[in-house]
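*Asks:* Got a structure for you, written out below as structure tokens; questions coming shortly.
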Amino acid sequence: MDYEIRSTRTEDIPGIVNLYAEATKLMHRLSPAGFGERLGEPIDVKKEQESFSQALVDKGTVILVAEKDGEIAGFVMGVIENYPDDLLDSPYLTIQYICVDERFRRTGMGKALMQEVERWALCKGITNLDLMVWDTNTPAQSLFRRMGYVPLDIRMGKKLKGK
């Protein structure tokens, strides 16, 4: 492994936001027809930097980065949920984002980020994790299935035609 997985520092936020912006573009391309139009709009960099900075100081949030040669090459962000839902007892960790620079995909970096966030969760006494993955994102689905994640539900949408 020629990269380091570590906790995020304030100076990492611009690199995280750059990866987030690239992931947003990918999500726009993967969006089903008629959905995800907002994802095609440029992100507000300052707003996203503020959002990730606030998350960084939230004790119920974890942000880990993969650093390679001084560059943020990937990150994962999870939030502790303190309420039960129909399928998961609380507390559980929701993986909100996992982003890996496309140059480093299929290198094991995504798996390493996920394994490290799972270790973090276990240290906090959390044994349930959940995440959402787009139906069209088969590489990510494959990774998560190999890591033992199973589908819990299917989200469906429909666009109605207006008058």
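The values are calculated or read from the model by the stated rules, or taken from the named source; none is laboratory data. The structure presented is a predicted model; accordingly, all values stated were derived computationally and were not measured. Cβ sites come from the backbone with ideal geometry, for glycine too, and all protein chains shown count toward neighbours.
*Asks:* Can you name every residue in region 30-62 that is in contact with a strand residue (DSSP E or B) (Cβ under 8 Å, 6 or more places away or on another chain) and loosely packed, with under 10 Cβ neighbours inside 10 Å?
*Replies:* Matches in region 30-62: none.
*Asks:* Hey, any hits in region 148-158 for a residue that's at pLDDT 95 or above and touching a helix residue (DSSP H, G or I) at 6+ places or on another chain (Cβ under 8 Å)?
*Replies:* no
*Asks:* Within region 21-47, which residues are among the small types (Gly, Ala, Ser) and part of a helix (DSSP H, G or I)?
*Replies:* Across region 21-47, the qualifying residues are Ala21, Ala23, Gly40.
*Asks:* Then there's this: Is it the case that Leu113 is farther than 20 Å from Val17 by Cα and either modelled with pLDDT of 95 or more or in contact with a Lys or Arg (Cβ under 7 Å, 6 or more places away or on another chain) (or both)?
*Replies:* Taking the combined requirement at face value, the residue does not satisfy it.
*Asks:* Sticking with this structure for a sec: Considering every residue within region 106-117, establish whether at least one is within 15 Å of the chain's Cα centre (by Cα) and of a type in the set (Gly, Ala, Ser).
*Replies:* So far as region 106-117 goes, yes, one or more of its residues are within 15 Å of the chain's Cα centre (by Cα) and of a type in the set (Gly, Ala, Ser).
*Asks:* Please identify the pairs in which a residue from region 95-119 that is in a helix (DSSP H, G or I) has its Cβ atom under 6 Å from the Cβ atom of a residue that is not aliphatic (A, V, I, L, M), counting only partners at least 6 apart or on another chain.
*Replies:* From region 95-119, the pairs are Met109/Gly74; Leu113/Gly74; Val117/Gly78.
*Asks:* Same structure again: Which ones in region 133-147 are outside any helix (DSSP H, G or I) and modelled with pLDDT of 95 or more?
*Replies:* The answer is Met147, and nothing else.
*Asks:* Of all residues in region 59-76, which are in contact (Cβ under 8 Å) with a residue 24 or more places away in the chain and either within 19 Å of Gln49 (Cα to Cα) or of a type in the set (Val, Ile, Thr) (or both)?
*Replies:* Val62, Ile63, Leu64, Val65, Ala66, Glu67, Glu71, Ile72, Ala73, Gly74, Phe75, Val76
*Asks:* Contact list please: Cβ distance under 6 Å, first residue in region 143-159 and under 16 Å from Leu88 (Cβ atoms), second residue in a loop (DSSP other than H, G, I, E, B) and of a type outside the set (Ser, Thr, Tyr), pairs at least six apart or on different chains.
*Replies:* Close Cβ pairs satisfying both conditions: Leu152/Leu87.
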